[in-house]
Amino acid sequence: MKTTCLLAILFAAGIVNGAELGVSSKEPVVVLAPDMWKATKDKPPNGAFSFETYRIEPPTNHNAVCLVSVYDKNKPEFADPEFLKKLVRGDSRPYVSSPDELSKIEIKELKIEGGLGFYANFIDPDLVGKPVVRRSYKTATPIIVSVSSKYLIKITLLCDEIDGADYRDAITVIKSLKVKKE
């Protein structure tokens, strides 16, 4: 227990000493990340996805990434938990074998200061027990967040273990989402 508390304190200190990373070139949405984490603009594989996406990644010796897109802003439904859960279910389609499974997905709440978020975790059964391969991920977590009921943000967290350090660190970074005061 002491070790866990010490690690939590050290990680929190890392966030304090970390950096504020922008996740949009057009909007003042930022996250706080530990030193050596970076946010870079991602190039979509094709023109079908028209939203600007940023990759938030830990240092290179880790196998995790958060893909972050600011979808929209200033709509009243962003404060509606049921609306956000519906979006998470829609974003979960690639991770279920049939549309009937979408209603059975366990959606969890993500506590964000000044915001509201929901997510679902998925593990690829074909990769369980296999060795870690850089940029090939065993888990996917679609997340929908409303920040200050002003911005709707879509996040996909990819890593190797739902209960691993990379996942916990990425969730801590995601929880830090905020609108930067200008």
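Stretching GLU113 away from ARG168 to a fully extended chain increases their span by 18.1 nm, per 0.36 nm per residue minus the current alpha-carbon distance. Per-residue SASA remark: LYS150, around 70 Å² accessible (1.4 Å probe; ligands, DNA and RNA not included). Radius of gyration (Cα atoms) of the range 54-159, expressed as a multiple of 2.2 N^0.38 Å: 1.13. Taken per residue, the accessible surface of the chain reaches 58 Å², heavy atoms only and a 1.4 Å probe. As a calculated quantity, the FRET efficiency between GLU77 and GLU106 at R0 = 22 Å, using C-beta atoms, amounts to about 0.45.
Between the residues CYS159, LEU102, ILE112, the greatest Cα displacement towards the positive end of the dipole of the chain, with unit charges on the Cβ of Lys, Arg, Asp and Glu, is found for ILE112.
Over the chain, the Kirkwood radius and the radius of gyration, each from Cα atoms, give a ratio Rg/Rh of 0.95.
The candidates ARG55, ARG93, ARG134, ARG168, arranged from most to least accessible area with a 1.4 Å probe in the full protein assembly, appear as ARG93, ARG168, ARG134, ARG55. Only protein atoms count toward the accessible area here, which uses a 1.4 Å probe; on the chain, the carbon and sulfur part of that area reaches 55 percent.
The values are calculated or read from the model by the stated rules, or taken from the named source; none is laboratory data. Remember, it's a predicted structure, so these values are computed and weren't measured experimentally. Counting neighbours? That spans all protein chains shown, and the Cβs are built from the backbone with ideal geometry, glycine included. Surface accessibility is based on the protein's heavy atoms, side chains included, excluding ligands, DNA and RNA. Shrake-Rupley method; radii C 1.70, N 1.55, O 1.52, S 1.80 Å.
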